[in-house]
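**Student:** The structure follows.
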Amino acid sequence: MTAISAGARPVTAWSPLRVRAFRMLWIGTAAANLGAWMQIVGAQWMLVADMGGEALVALVHTATTLPVLLLAMPAGALADIVNRTRLLVGAQLFIAAVAVSMTVLGAIGELEPGMLLMATFALGAGAALSAPAIGALIPDLVPRAELVEASALGAISVNVARAVGPAIAGLIIAATGATTVFALNAAAALGFATLLVFGRIGPKGVAEDREHFAAALYAGGRYVRHTRVVGRILLRAVLFVVPATAIWALLPLFAGRDLGLGPDGYGLLLGALGVGAILGAVLLPRLPAGPSTNGTVAVASLAYAGTLVAMAVLRRPVPLTVCMVPAGVAWVAILANVNAQIQLFLPGWVRARGLAVYQVFVIGGQAIAAGCWGLVGHHFGLRAAFLAAAGLLVAGVLTAARWPLPDTRGINQNPAVYWPEPHLVMEPEPGGGPVLVTVTYTVRPERQDAFVAAMTPIGQARRRTGASRYRLFREGEVPDRFVEAFLVPSWEEHMRQHYGRLTLDEKAQERRAVALAEGRPVIRHMLPLGLQ
């Protein structure tokens, strides 16, 4: 299924929901998020009554987030080489099976703490398998012009579930017990799977020439490593997430110890963040796009820093609750923009793997930062922690002048088949390799500096699409002759460079370089003989 055109319809915060497939995906994801947060509260509640429960309760968060760090890249590789919808259905059925098991064991009193933590880890593994596939499907469902709004809607579902899920779970647990929320989590997962099956979400099949899992995993890491735009997006995400996590990590302590609030007061502060998240999603379509995105991110970062300063200075619940709203707006405005930028840039063949790396950086950054802010708060006090986080946010804004968020709107990442079909006198083994590819150019002296500069992005493209080694050489005997040589692990990997991995933007870059040379370049393929 390809993305539809936005046409002449005005873009609003809810525009992506006009697309039926995206609407089904969003509803299912929202239900899954709500079920997951209810399950977390149920698991924590069951552990509170056990000996050592205080220590075990903290492990629930670890068991939930650790699978993302361990499985995100394998999940991204799977989502790029198998049918994404079927992968999602399988993951949701797995989550439902685990949740049903928790329900049954909890009902008969056999859900021991260790088993509960293992089941929570399994649920986190199911969520980790789902996340890259969901992110990779969205650009195929909504118009490019609405990706920021789609990302914001995703942030709404997460933040509303985070704010509402624990409150609903608390009421249900008080009335019927923790096992009920486990059953509701199973129902949410089954409902999501049903929507995926009957909602006609995503393509019906997968490419015939699928990569092997190990090769796909390596190719994803290679692509990210040799793509500066992705590196810059990851940098901007981390520079915000690390200091911004201070609010999420320290808010329970701040509400209970500094403000003297109970669970209801903490829920009110958390709810204000959720309201801000919804408000941020509504305001996003009215904010400038493109190069001005850096300005939006800077203003939002400063607003978030202002909330942190208020938490360090103020001690009255009402004004602090009001201050939570702009923090929620800023959280969504920044992460929705950053998430949309990486979705816009990543080509289809590696989109899920790139998003998996992004999720590792964002979620891993939050997990590590939460622990660090806890240590800072313990040793130096919450006020010092909030002020330090605000200072880091301001410093991050200043770095945008040197490392701005790239504008990916004009980059065409659609696949392009523009290399000529190799005509060989022998039939290479698909898995045989490595293969040495040489491309020879003749360039006049007055154009050589420009040619070398034009070849820089070409070398990066060769590396991220398959080359394990790459160099540009100048022939000693004929100074007007330049040779680029790159090593590809196998013949089938090189064929993927020909069909599916090279993009229209890379085609334009190569045409600019070839235009500086005399005649057409000469391409040769060197096959291995097996001699050492």
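The values are calculated or read from the model by the stated rules, or taken from the named source; none is laboratory data. For clarity, every value in this text was computed on a predicted model and none was experimentally measured. Note that each Cβ is placed from the backbone with ideal geometry, even for glycine, and that neighbours are counted across all protein chains shown.
Here is a yes/no grid of residues against (1) within 16 Å of the chain's Cα centre (by Cα); (2) closer than 19 Å to Ala99 by Cβ; (3) at pLDDT 80 or above:
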position	(1), (2), (3)
Ala133	yes, no, yes
Pro143	no, no, yes
Val148	yes, no, no
Gly154	yes, no, yes
Ala169	no, yes, yes
Ala178	no, yes, yes
Ala188	no, yes, yes
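**Student:** Being surrounded by fewer than 23 Cβ atoms within 10 Å (Cβ to Cβ), in contact (Cβ under 8 Å) with a residue 40 or more places away in the chain and of a type in the set (A, V, I, L, M, F, W, C) is the filter here; which residues of region 162-179 pass it?
**Tutor:** Ala163, Val164, Ala167, Ile168, Ile172, Ile173
**Student:** Mind checking whether some residue in region 407-429 is over 30 Å from Arg471 (Cβ atoms) and surrounded by 18 or more Cβ atoms within 10 Å (Cβ to Cβ)?
**Tutor:** no
**Student:** In region 304-418, which helices (runs of 4 or more DSSP H) lie fully inside it and hold 3 or more residues that are of a type in the set (S, T, N, Q), more than 20 Å from Leu269 (Cβ to Cβ) and not assigned by TED's automatic domain parsing to the domain that holds Glu146?
**Tutor:** It comes to 317-345.
**Student:** Can you name the number of the only condition in (1) small (Gly, Ala, Ser); (2) within 29 Å of the chain's Cα centre (by Cα); (3) on the phi > 0 side of the Ramachandran plot that Gly274 fails?
**Tutor:** (3)
**Student:** State the number of residues belonging to region 461-484 that are under 23 Å from Asp505 (Cβ atoms), among the aliphatic types (A, V, I, L, M) and in a loop (DSSP other than H, G, I, E, B).
**Tutor:** Residues meeting the conditions: 1.
**Student:** Now for a different question. Any idea which residue in region 459-510 is nearest to Ala219 (Cα to Cα), counting only those that are over 32 Å from the mean Cα position of the chain (by Cα) and among the basic types (Lys, Arg)?
**Tutor:** Arg474
**Student:** So, of the residues in region 31-83 that are closer than 22 Å to Ala174 by Cβ, among the β-branched types (Val, Ile, Thr) and buried (at least 20 other Cβ atoms within 10 Å of the Cβ), which turns out to be modelled with the lowest pLDDT?
**Tutor:** Val60
**Student:** Shifting gears a bit: Among the residues that make up region 242-258, is at least one of them under 16 Å from the mean Cα position of the chain (by Cα), buried (at least 20 other Cβ atoms within 10 Å of the Cβ), closer than 19 Å to Ala395 by Cβ and not hydroxyl-bearing (Ser, Thr, Tyr)?
**Tutor:** Checked against the condition, which is being under 16 Å from the mean Cα position of the chain (by Cα), buried (at least 20 other Cβ atoms within 10 Å of the Cβ), closer than 19 Å to Ala395 by Cβ and not hydroxyl-bearing (Ser, Thr, Tyr), region 242-258 yields at least one hit.
**Student:** Find all pairs meeting these conditions: Cβ atoms under 7 angstrom apart; at least six residues apart or on different chains; first residue within region 13-26 and within 11 Å of Gly199 (Cα to Cα); second residue in a loop (DSSP other than H, G, I, E, B) and among the hydrophobic types (A, V, I, L, M, F, W, C).
**Tutor:** If the second residue must be in a loop (DSSP other than H, G, I, E, B) and among the hydrophobic types (A, V, I, L, M, F, W, C), the pairs left are Ala21/Met1; Ala21/Ile201; Phe22/Val142; Met24/Ile201; Leu25/Ile201.
**Student:** Another question, if that's okay. Among the residues of region 511-522, is any among the basic types (Lys, Arg), touching a helix residue (DSSP H, G or I) at 6+ places or on another chain (Cβ under 9 Å) and either part of a loop (DSSP other than H, G, I, E, B) or at pLDDT 90 or above (or both)?
**Tutor:** Checked against the condition, which is being among the basic types (Lys, Arg), touching a helix residue (DSSP H, G or I) at 6+ places or on another chain (Cβ under 9 Å) and either part of a loop (DSSP other than H, G, I, E, B) or at pLDDT 90 or above (or both), region 511-522 yields at least one hit.
**Student:** Also, quick follow-up: Looking at region 352-397, which of its residues are over 27 Å from Val299 (Cβ atoms) and in contact with an Asp or Glu (Cβ under 7 Å, 6 or more places away or on another chain)?
**Tutor:** Residues satisfying the conditions are Ala352, Arg353.
**Student:** Here's another thing I want to ask about it. Among the listed residues Leu261, Leu284, Leu235, Leu239, identify the single one that is at pLDDT 75 or above and under 22 Å from Arg162 (Cα atoms).
**Tutor:** Of the residues listed, the single one that is at pLDDT 75 or above and under 22 Å from Arg162 (Cα atoms) is Leu261.
**Student:** Looking at (1) modelled with pLDDT under 85; (2) touching an Asp or Glu at 6+ places or on another chain (Cβ under 8 Å); (3) not basic (Lys, Arg), which is the only condition Val160 fails?
**Tutor:** (2)
**Student:** If you don't mind, there's one more thing I want to ask. In this structure, is Tyr499 in contact (Cβ under 8 Å) with a residue 12 or more places away in the chain, assigned to a strand (DSSP E or B) and either among the aromatic types (Phe, Trp, Tyr) or in contact with a Pro (Cβ under 6 Å, 6 or more places away or on another chain) (or both)?
**Tutor:** The answer is no for Tyr499.
**Student:** Identify, please: which residue in region 82-117 is assigned to a loop (DSSP other than H, G, I, E, B) and among the aliphatic types (A, V, I, L, M) and is, among those, farthest from Ile40 (Cα to Cα)?
**Tutor:** Selected residue: Val82.
**Student:** Within the group Leu398, Leu387, Leu392, Leu375, which residue is of a type outside the set (Asp, Glu), under 16 Å from Ala305 (Cβ atoms), surrounded by fewer than 21 Cβ atoms within 10 Å (Cβ to Cβ) and without any contact (Cβ under 8 Å) to a residue 60 or more places away in the chain?
**Tutor:** Leu398
**Student:** Given the condition of a type in the set (Ser, Thr, Tyr), at pLDDT 90 or above and either on the phi < 0 side of the Ramachandran plot or surrounded by fewer than 19 Cβ atoms within 10 Å (Cβ to Cβ) (or both), answer yes or no: does some residue in region 199-222 qualify?
**Tutor:** No: zero hits.
**Student:** Do any residues in region 426-449 that are of a type in the set (D, E, K, R) have Cβ atoms under 7 Å from those of residues that are buried (at least 19 other Cβ atoms within 10 Å of the Cβ) and assigned to a helix (DSSP H, G or I), where the two are at least six apart or on different chains, and which pairs are they?
**Tutor:** Filtered contacts from region 426-449: Glu429/Trp491.
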